[in-house]
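The values are calculated or read from the model by the stated rules, or taken from the named source; none is laboratory data. Bear in mind that the values here come from a model prediction, so they are computed numbers and not experimental data. Note: ideal-geometry Cβ built from the backbone for every residue, glycine included; neighbour counts use all protein chains shown.
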């Protein structure tokens, strides 16, 4: 997988999920032509009317249905970046990213904003002028490679632009697919 330009693995997608007061969830996806997310192709959102209640240790049951909805009908996916952990400890206890890797069959990078006490294997990544690291884990690729990709992702803030944009879309957008003005190189 290349870190800039077009990936040799397909479309790269950054996703996030926001839970609605109606017991549903809105998922957002930012699709890019490159692993640095410098060439955004499209944005899309999807609303799932009902999701599972939160259960400790089973977060994926709540998060995967909205991700399935927003990624539905997309082909040639090559990389998925999630807000959270791929695995939860050095022994490989699966987190959202590992469950997504099993579900979609593509490498998944987990980018967490806070340290999870058992995820001592997460690679700390400091971006821009931030002093607080992000915690990077991966499923389907080495964590060190995932951390290098996160370091190189577009954006001048702590959180890469693609994840920031996905978060904004989950909180503000109706369910839709929106093509951006940017075209792949």
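Details
- Exactly one residue out of 127, 55, 50 is in contact (Cβ under 8 Å) with a residue 12 or more places away in the chain and more than 18 Å from residue 160 (Cβ to Cβ): that is 50.
- Tabulated pairs, region 85-107, first at positive phi, second surrounded by 17 or more Cβ atoms within 10 Å (Cβ to Cβ), C-beta under 8 angstrom, 6+ apart or interchain: 92/98
- Just so you know, in region 144-182 the residues that are in contact with a strand residue (DSSP E or B) (Cβ under 8 Å, 6 or more places away or on another chain) and loosely packed, with under 13 Cβ neighbours inside 10 Å include one that is modelled with the highest pLDDT, and it is 144.
Residues are listed down the side, and each one gets a yes or a no for (1) surrounded by 15 or more Cβ atoms within 10 Å (Cβ to Cβ); (2) in a loop (DSSP other than H, G, I, E, B); (3) at pLDDT below 95:
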| position | (1), (2), (3) |
| --- | --- |
| 29 | yes, no, no |
| 44 | yes, no, no |
| 51 | yes, yes, yes |
| 63 | yes, no, yes |
| 79 | yes, no, no |
| 92 | no, yes, yes |
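- Test: residue in region 123-143 that is more than 14 Å from the chain's Cα centre (by Cα), at positive phi, modelled with pLDDT under 95 and part of a loop (DSSP other than H, G, I, E, B): yes
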